[in-house]
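Take this structure, written in structure tokens, and hold onto it; I'll ask about it next.
The values are calculated or read from the model by the stated rules, or taken from the named source; none is laboratory data. Everything quoted here is computed from the prediction, not taken from an experiment. Glycine gets a Cβ as well: all are built from the backbone with ideal geometry, and neighbour counts include every protein chain shown.
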């Protein structure tokens, strides 16, 4: 019986022992379960990483891509419109206008594509409404402005036209709305999703490392593959994030630069904007902007990024001597002592040779008339800084060109095209300022004697030369604050502020004598001039003072010409006034 019990115990023990193949099977099942668990957890974690990426790429990225395309299109519209405004050739100008219309159609298609892909993010609706309102204003004004550009002899003269100003404002509003949609809405959402993806990647890495410690012998190879895959994805996303961040910084800098230059109403203000932009872009560099008025004119230094810098700058004479301006391309010099360094940089090289430089050409009205020189001892600037420098050069050149056109147009509107003196409208505006300030003045009304005979005998070219010669002599004889105007034909009016009648007559006598004594070409007869002079104390309005001076001039003409006659109001019974004259001259 005891033996039977032993046999039963031994058989039970045998049943409790696990056979090798069972252990292998159990290990295999455990390994399989661990692998399935590892796989399940890995897939779950990767889904957490992929989810924000999918949101960014499938929901946000398509609309953001359309906005970027629209941003480029709006910039193209702005460029084409500026080109049309600056183009003197009507055929080329019409071509610009047709390109502009085609580009606007492309922009409308990009906008429709964006609206189809938009995902109704916070703040999006208001900016969409702003853009569509600006686009509607552009549609209303495009035909009128385009027709004016086609017919204009001088399109630059339209720069102050109300419709053109309104169209430019609408274009700026549209660009601002698209910039807001891009940077404040979609790029911000992309950054958020990418940041979530990056955070998920970091969390996945930590979990994978923990599993690797627990299952190193089991799923080591799978862990290594997963970690490497996650690392590569992380690096790719971080690189993409850095690229987007750099692009966002560039877009933001471009928008600020554009707004600042648009507010610059003169070249000096534009140069101040450029100086500040250079300080932001190249904080450790010594930068300067050299500008010439023409390709043959010498450079003049318009700014330094560091106002405390009084050291010698680049000594290049002008655009025709500057390698960067000649090539129309940016030049980067790693060291001033390199074989291929610019000779104007090599002569400034320090003894240790640690001087790098960047030369960025500035195109003004299509010609390289400026260059930005930047030198530093910290090595060549980064690609991002070079890109910003290129942007500064292009935007500042465009603005300076437009400001020069505006200044030239304003000057032409204020002055007589032949003599350069004030025209009648400008003179009347200046006199209104004198009257508003309650300043007295005298008016001298002059007329060149026998000018019609000069024109008939010697031709209109000789007459024009005579008018120009007299205008130069007149300006040389009066004070800088006096106002000289070509009133019409051979008639001139001079307004002398804060001047007594006898003093004004003496000044005009000096002009008359100087003209009589002036040397003239042998083939032209001598010229004389007659003046009538009146004072604002003699009449209640400028037109009446001019009438008094004109009456005195008629007396000078009837008295033999080549003389100065002063108008003197005389009181008559009943309060009426007439004019007496005092004459001087031959």
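Check whether at least one residue in region 405-415 is touching a strand residue (DSSP E or B) at 6+ places or on another chain (Cβ under 8 Å) and not assigned by TED's automatic domain parsing to the domain that holds residue 315, and report yes or no. Don't jump to the end; show me each part of the working.
First pass over region 405-415, keeping only residues touching a strand residue (DSSP E or B) at 6+ places or on another chain (Cβ under 8 Å): 414-415.
Remaining after also requiring not assigned by TED's automatic domain parsing to the domain that holds residue 315: 414-415.
Yes, region 405-415 has at least one match.
Surrounded by fewer than 18 Cβ atoms within 10 Å (Cβ to Cβ) and farther than 19 Å from residue 554 by Cα, is that true of residue 482? Give the steps one after another, and end with the answer.
Working: surrounded by fewer than 18 Cβ atoms within 10 Å (Cβ to Cβ): no; farther than 19 Å from residue 554 by Cα: yes.
Here the answer is no, as residue 482 does not meet what is asked.
With respect to residue 396, is the statement that it is closer than 20 Å to residue 290 by Cβ and either touching a helix residue (DSSP H, G or I) at 6+ places or on another chain (Cβ under 9 Å) or outside the structural domain of residue 343 (by TED's automatic domain parsing) (or both) true? Steps first, please.
Numbers: closer than 20 Å to residue 290 by Cβ: yes; either touching a helix residue (DSSP H, G or I) at 6+ places or on another chain (Cβ under 9 Å) or outside the structural domain of residue 343 (by TED's automatic domain parsing) (or both): yes.
Yes, satisfied.
Residue by residue, here is whether (1) under 21 Å from residue 189 (Cβ atoms); (2) without any contact (Cβ under 8 Å) to a residue 24 or more places away in the chain; (3) in the same structural domain as residue 177 (by TED's automatic domain parsing); (4) surrounded by 15 or more Cβ atoms within 10 Å (Cβ to Cβ) holds:
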| residue | (1), (2), (3), (4) |
| --- | --- |
| 95 | no, yes, yes, yes |
| 98 | no, yes, yes, no |
| 103 | no, no, yes, yes |
| 111 | yes, no, yes, yes |
| 117 | yes, no, yes, yes |
| 120 | yes, yes, yes, no |
| 125 | yes, yes, yes, no |
| 131 | yes, no, yes, yes |
| 134 | no, no, yes, yes |
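If residue 394 satisfies all but one of (1) modelled with pLDDT of 90 or more; (2) not in a helix (DSSP H, G or I), what's the number of the condition it fails?
(2)
Among the listed residues 326, 307, 262, identify the single one that is in a helix (DSSP H, G or I) and at pLDDT below 90. Don't jump to the end; show me each part of the working.
Working: 307 fails: in a helix (DSSP H, G or I); 262 fails: at pLDDT below 90.
Being in a helix (DSSP H, G or I) and at pLDDT below 90 holds for just one of 326, 307, 262, which is 326.
When residue 360 is evaluated against the numbered criteria (1) out of contact with any strand residue (DSSP E or B) (no Cβ under 9 Å at 6 or more places or on another chain); (2) outside any helix (DSSP H, G or I), which criterion, by number, is the only one it fails?
(1)
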